[in-house]
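Everything on this sheet refers to the single structure shown next.
A short reminder: the numbers here are calculations on the coordinates, not readings from a lab. Small disclaimer: the values here were computed from a predicted structure and weren't measured. Ideal geometry is used to build each Cβ from the backbone, glycine not excepted, and the neighbour counts take in all protein chains shown.
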Amino acid sequence: MPGRRRGGRKRFGVSLPEDLADRLTILSEKLGVDRSRLVEEAVRAYLEDYNHLQLPHKCRGILIIRCPDWGEARRISEEHRRIISNIVHEHSGDYCYEALFIEGDSTQVSSLYSSILKAGCKARYIPLPPP
Ligand SMILES: [Zn+2]
Ligand SMILES: [Zn+2]
């Protein structure tokens, strides 16, 4: 989307882990696009994915998690069991993964998602397309 300028731009300092910064630089060179532009696109995609959690609605999706402490993850899942219809535990490589099938109030989904992040898990929420 070239030339989309609404209210100018803001500059602020962001610190990234070294490996992430290096990967960003490599991708930027490969694509011939500057790093700010890549970060802009990544943030835009991230916000679009998660924005819907801010407007109350009935949310359906799949939360994929990988946690350092599965006991804590279980405790959080138990707390949110009203919105979790199923949990699938899987192994890939040396890691455990869980896919949580979610259906319920979006504020509850938000709460589950942030608790999972606070527990140090890696998490990706994939909303299901509307019917
Ligand atoms: Zn939703
Ligand atoms: Zn396992």
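Spin-label pair ASP105-ARG75: with each label point 7 Å from Cα along the Cα-Cβ axis, the two points sit 2.4 nm from one another. Across the alpha-carbon set of the chain, the Rg to Rh ratio works out to 1.03, Rh being the Kirkwood radius. Across segment 53-93, Cα-Cα pairs farther apart than 17 Å form 41% of the total. What the Cβ-Cβ distance of SER92 and GLU41 gives, at R0 = 22 Å and to the nearest 0.05, is a FRET efficiency of 0.20. All Cα-Cα distances of segment 88-131, cut into 5 Å bins from zero to the largest, leave 5, 17, 25, 27, 15, 8, 3, 0 percent in each bin in turn. With runs of 4+ DSSP H residues as the only contributors, calculate the mean residue ellipticity of the chain at 222 nm using -39,500 (n - 2.57) per run, divided by the residue total and rounded to the nearest 500. Theoretical 222 nm ellipticity from helices: -13000 deg cm²/dmol.
The angle between the Cα long axis of helix 106-118 and the longest principal axis of the Cα atoms of the chain comes to about 80 degrees, rounded to the nearest 10. Counting only Cβ charges, +1 for Lys and Arg and -1 for Asp and Glu, the dipole size of the chain around its Cα centre is about 720 debye.
Using a 4.7 Å Cβ-Cβ cutoff, the cysteines of the chain lacking any partner cysteine are CYS59, CYS96.
Calculate, in nm to one decimal, what GLU48 and VAL14 gain on full extension: separation in residues at 0.36 nm each, minus their alpha carbon distance.
Working: separation 34, 0.36 × 34 = 12.24 nm, distance 2.04 nm.
Here the segment from GLU48 to VAL14 would lengthen by 10.2 nm.
In straight-distance terms, cross-link reach from LYS58 covers every one of the lysines whose alpha-carbon lies under 30 Å from its own, apart from those fewer than eight places away in the same chain; here that gives LYS118, LYS122. May I ask for the net charge around ASP22, where only other residues with Cβ less than 13 Å from the Cβ of ASP22 are counted and Lys, Arg are +1 while Asp, Glu are -1? Here the count lands on 0. Between LEU31 and HIS57, the contour length at 0.36 nm per residue exceeds the alpha carbon distance by 5.6 nm.
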